[in-house]
1. Give the carbon-plus-sulfur fraction of the accessible surface of the range 28-146 in %, rounded to a whole number; probe 1.4 Å, heavy atoms of protein chains only.
2. Give the ranking of 33, 76, 70, 84 by solvent-accessible surface, highest area first, calculated with a 1.4 Å probe.
3. Looking at the range 60-132, which GluC sites (Glu not before Pro) are DSSP coil and have at most 16 other C-beta atoms within 10 Å of their C-beta?
4. Can you give me the accessible area per residue for the range 106-147, using a 1.4 Å probe, in Å²?
5. Residue-wise, which Karplus ³J(HN,Hα) couplings in Hz belong to the range 137-147, taking 6.51 cos²θ - 1.76 cosθ + 1.60, θ = phi - 60°, and x for glycine or proline?
Amino acid sequence: NPEHIVLQGQVNGRDSAGGLGLDAEFLENAVLYAAVPQAFLGLSSTDYRTLNFAPALPEGLTYLKLDNLYFQGWQYDVCAGSNYLRISDSREGSLGSGKTGLSVTVSFAVPDQEYRVYVNGRMVESAEQNGRVYVTVPFGDTFVKIG
């Protein structure tokens with residue numbers, strides 16, 4: 001402006017122009033990007049090199065797919081339903097340091113009926129604890145299903 005009055009930068013608490021409400025003063029808008037993976041996919045990491053998923057989709061939602069997630073420098077996509085989780089298109093990002101030692105733990109609620117756990121179409125051993133079924137696999141493209 002002709003008076004050289006800084007408007008945008010002062011309004012949002014920054015020293016440069018930006019999208020009003022998106023870059024500084026309404027940071028709670030970013031909560032959605034953390035809440036959805038955590039609430040619906042149970043995405044967490046309790047160990048430095050292990051990614052955890054515990055899908056818990058709301059009734060009526062048949063699946064949830066998220067693209068372009070990152071773990072330890074690796075980019076991947078994930079799709080989950082009530083009884084499966086698929087990690088696909090895993091590729092090393094610019095900060096990747098190799099997949100050696102990376103793993104994924106997937107847990108599902110224990111079904112009411114007899115069940116088996118499959119990883120990439122093969123039946124595998126699983127562990128039950130606190131009403132959940134757990135299986136741990138190496139990180140990468142994988143499909144885990146309980147049924």
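The values are calculated or read from the model by the stated rules, or taken from the named source; none is laboratory data. Keep in mind it's a predicted model, so treat the numbers as computed, not measured. Here the Cβ is made from the backbone with ideal geometry for all residues, glycine too, and neighbour counts use every protein chain on show. Each accessible area value is taken on the protein alone, full model and side chains, heavy atoms only, with ligands, DNA and RNA left out. Shrake-Rupley method; radii C 1.70, N 1.55, O 1.52, S 1.80 Å.
1. Working: 3610 of 7150 Å².
About 50 percent, which is the carbon plus sulfur part of the accessible surface.
2. Working: 33 175, 76 0, 70 140, 84 50 Å².
Result, largest first: 33, 70, 84, 76.
3. Values: sites: 92, 114, 125, 128; in loops: 114, 125.
Of the GluC sites (Glu not before Pro), the ones in loops of the range 60-132 whose Cβ has at most 16 other Cβ atoms within 10 Å are 114, 125.
4. Values: 2730 Å² over 42 residues.
With the other protein chains kept in place, the range 106-147 gives 65 Å² per residue.
5. For the range 137-147, the Karplus-derived couplings read 9, x, 5, x, 5, 7, 10, 10, 9, 10, x Hz, x marking Gly and Pro.
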